[in-house]
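So the structure is just underneath, and the comments pick up after that.
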Amino acid sequence: MTHLPRVALVMKSLQAQFFQVMQAGAEDWARTHAARVALRCSGTESQSDLERQVPLVDEAVAAGIDALVLVPIDSRVLVPPVLRAQRAGVTVVNIDIALDATLLREAGAAVDFVGPDNRAAARRVGEVLAGALPPGAAVLMLEGLAGADT
């Protein structure tokens with residue numbers, strides 16, 4: 001008898017509403033497809049808890065998952081655990097924040113990405129602001145977590 005595919009969803013902070021909704025949606029989907037997939041969800045305590053996210057990936061791989069769906073806290077630091085997962089035969093899908101393409105290419109690896117084009121979105125926001133504000137208006141630019149491709 002074959003086993004159900006085991007999928008691990010590893011997210012950033014489970015304290016953030018965005019990731020709570022993501023987890024609830026994934027768990028709802030998995031319940032309605034329980035005969036086809038086994039899902040395990042995990043995440044960190046905070047959006048910057050990189051020291052916990054790397055072990056979460058490694059623990060999921062050690063538990064024998066078949067696929068990993070990952071929202072990386074850091075686009076570069078999560079590349080080595082992803083490479084370890086792939087070497088163990090795990091299919092990896094990167095969502096929301098893209099892993100560093102240069103590091104993946106240098107390692108000879110490819111990871112499917114599902115998520116926004118943050119550069120295009122930022123450009124569009126800039127275009128809208130430029131059209132809405134008078135010349136010389138003060139603009140504050142907020143950056144996400146250092147290392148994250150946002």
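Among the candidates Arg105, Arg52, Arg119, Arg124, the residue that is under 21 Å from Ala8 (Cβ atoms) and open to solvent by 80 Å² or more (accessible area, probe 1.4 Å) is uniquely Arg52. For the stretch 1-48, the set of residues classified as under 21 Å from Gln86 (Cβ atoms) and of a type in the set (S, T, N, Q) consists of Ser42 only.
Among the residues of the stretch 75-82, are any touching a residue at least 24 places away in the same chain (Cβ under 8 Å), small (Gly, Ala, Ser) and open to solvent by less than 80 Å² (accessible area, probe 1.4 Å)? Looking through the stretch 75-82, at least one residue is touching a residue at least 24 places away in the same chain (Cβ under 8 Å), small (Gly, Ala, Ser) and open to solvent by less than 80 Å² (accessible area, probe 1.4 Å). When restricted to residues that are within 19 Å of the chain's Cα centre (by Cα) and modelled with pLDDT under 95, the stretch 1-16 contains 5.
You will find that of Ser42, Ser13, the residue that is over 17 Å from Val90 (Cβ atoms), in contact with a strand residue (DSSP E or B) (Cβ under 9 Å, 6 or more places away or on another chain) and open to solvent by less than 80 Å² (accessible area, probe 1.4 Å) is Ser13 and no other. Against the test of being out of contact with any Phe, Trp or Tyr (no Cβ under 6 Å at 6 or more places or on another chain), surrounded by 20 or more Cβ atoms within 10 Å (Cβ to Cβ) and under 20 Å from Met22 (Cα atoms), the options Asp96, Asp112 yield a single qualifying residue, Asp96.
The values are calculated or read from the model by the stated rules, or taken from the named source; none is laboratory data. Just so it is clear, the structure is predicted and the values come from calculations on it, not from any experiment. For neighbour counting, all protein chains shown are included, and Cβ atoms are generated from backbone atoms with ideal geometry for every residue, glycine included. Heavy atoms of the whole protein, side chains included, go into the accessibility calculation; ligands, DNA and RNA do not. Shrake-Rupley method; radii C 1.70, N 1.55, O 1.52, S 1.80 Å.
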